[in-house]
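Colleague: One structure, pasted below without further comment.
The values are calculated or read from the model by the stated rules, or taken from the named source; none is laboratory data. Everything numeric here is computed off the predicted structure, so don't read it as measured data. Here the Cβ positions follow ideal geometry from the backbone for every residue, glycine too, while neighbour counts run over all protein chains shown. In case anyone asks, the SASA skips ligands and DNA or RNA and just uses the protein heavy atoms, side chains included. Shrake-Rupley method; radii C 1.70, N 1.55, O 1.52, S 1.80 Å.
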Amino acid sequence: MTDGVVVTGFGATTPLGGDAASTWEALLAGKSGVGTTQAEWTEKFDLPVHISAQLAVNPTEVLPRVQARRMDRCEQVAMVAAKEAWEHSGLGAIPGEDGAAVEAERLAVVLGAGIGGAPTLLAQDDLLEEHGLRKVSPLTVPMLMPNGPAAMVSLEYKAKGGVHSPASACATGAEALAWACKLLRDGEVDVVLAGGAESCIVPITVAGFVQARTLSSRNDDPERASRPFDTGRDGFVLGEGAGVLVLEREEFAKARGATVHGRLAGVGLTSDAFHITGPDPEGEGQVRAMRKAVENAGLQPSDVTHVNCHATSTVVGDVGESVAVRKALGDHPVLTAPKSALGHLVGGAGAVEGIISLLSVRDDVIPATLNLVDKDPKVELDVVAGEPRKTTVDAALNNSFGFGGHNASLLFTKP
């Protein structure tokens, strides 16, 4: 490990708010971003689940009209979050312009999506079948390709230090931050725009998750549908959104006088090699990821105050993660599960929850887990519920686990 990695800016657009500040405020206020799905197709398809966590602010209200029309919605949310993060970082002028703080060759983008531009693919295929070739957009491929969000952001900010697009399902956003951290530590670049994005609340994804029996079916009570760690949990709520962080080499940030909000002190990436959708029942891969993140930070398990859990509100996953936390860290960490309020943002989850973990450290407060009324007795750790908890948070671990056996743990500490 060489230079430290610090966070100098962040941005988000989520079901709780159109930016990071409003998302954090709503989360601490105990608000829910889950509701009845507002889409034309809900009446066309007889799907048993018609709840989701849709964006609080439509990206077309934020982006210039021409720019938005050339992007898939997943690319749009990535751009919204990136613009806020860049502005928040104080980097100012874009590389190549007068007064730019970073050279284009020393700026990289690492930004992924778990599903990506499937809505564009489906919509353009419908046009082809119904109206023929002439109706298909020439922008179809740039809008649907998995690296589209990363590519669009790199073009916006003239990043020539590399553009990378991990795709690791629900762990995508966290894995992007981990790879960005590695780039900075290796000295390849000075600044990275890193994060994850997703916007794929469409019939086929909902139908697929329904058939896999992973979605909550509490249609009559959307705000209370996502219930991590509760005995009444029955699946997750599909959401959409994006989170982007500006990560910098500590010495570079110090030299330009940047405000540092915290450190990405440690990262841990592992894989289960067990099942395409189910986690290893022993949690071995999750344990290794958490331990690697702590060791990577040069800390001890006892130093970790808080764990921002992946906890999606599934019957098996929540308990499994709590057991893995105990194995990896002990009985002392305090847990929370923001998907209870945000829904599951899939590729955007790890990045948005990375921001939440960072803010927990910065502000010394742990958000409450919504809808936790009757904690599963198999969860033998302290889970914050009811009201946010004010307490000193010196180090917070953010967990993200994805289909395919991806495990990513990120450790944030104070500046």
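Colleague: With +1 on each Lys and Arg Cβ and -1 on each Asp and Glu Cβ, and nothing else charged, work out how big the dipole of the chain is about its Cα centre, in Debye to the nearest 20.
Modeller: It works out to roughly 260 debye.
Colleague: Write down the accessible area per residue of segment 1-131 in Å², having rolled a 1.4 Å probe over the full set of protein chains.
Modeller: 47
Colleague: Of 6, 211, 123, which is farthest on the positive side of the dipole of the chain, counting Cα position, with +1 on Lys and Arg Cβ, -1 on Asp and Glu Cβ, and the Cα centre as origin?
Modeller: Projecting each Cα onto the dipole axis, the largest value belongs to 6.
Colleague: In whole percent, and with a 1.4 Å probe on the protein chains, what portion of the accessible area of the chain is carbon and sulfur?
Modeller: 51
Colleague: Need one number: nm distance between label points at residue 254 and residue 97, each 7 Å from Cα along Cα→Cβ, rounded to one decimal.
Modeller: Calculated label separation equals 2.9 nm.
Colleague: For the chain, which DSSP H helices look membrane-span-like by this rule: Cα extent along the axis of 30 Å or more and mean Kyte-Doolittle of at least 1.6?
Modeller: Span-like helices here: none at all.
Colleague: For segment 55-204, calculate the relative contact order in percent as a whole number, restricting contacts to Cα pairs under 8 Å that are 6 or more residues apart.
Modeller: 34
Colleague: How big is the dipole moment of segment 284-415 about its Cα centre under a simple scheme where the beta carbon of each Lys and Arg is +1, that of each Asp and Glu is -1, and everything else is neutral? Debye, nearest 20, please.
Modeller: About 220 debye.
Colleague: Could you provide, to the nearest whole Å², the per residue accessible area of segment 283-323 with probe 1.4 Å?
Modeller: It amounts to 36 Å² per residue over segment 283-323.
Colleague: I would also like to ask the following. For segment 263-413, give the share of DSSP beta bridges that are antiparallel, in percent and rounded to the nearest 5; count only bridges with both residues there.
Modeller: Percentage antiparallel, nearest 5: 70.
Colleague: A further question on this structure: Mind pulling up the Rg/Rh value for segment 7-261? Radius of gyration and Kirkwood radius, both on Cα.
Modeller: Rg/Rh for segment 7-261 comes to 1.00.
Colleague: If only Cα atoms are counted, what is the Rg of segment 312-415, and what is its Dmax, in Å?
Modeller: Considering segment 312-415 through its Cα atoms, Rg and Dmax are 13.0, 37 Å.
Colleague: Another question, then. Summing +1 for each Lys or Arg and -1 for each Asp or Glu, what net charge is found among the other residues whose Cβ lies under 11 Å from the Cβ of residue 310?
Modeller: Its environment carries a net charge of -2.
Colleague: Computed FRET efficiency, Cβ-Cβ of residue 31 and residue 134, R0 56 Å: what is it to the nearest 0.05?
Modeller: 0.75
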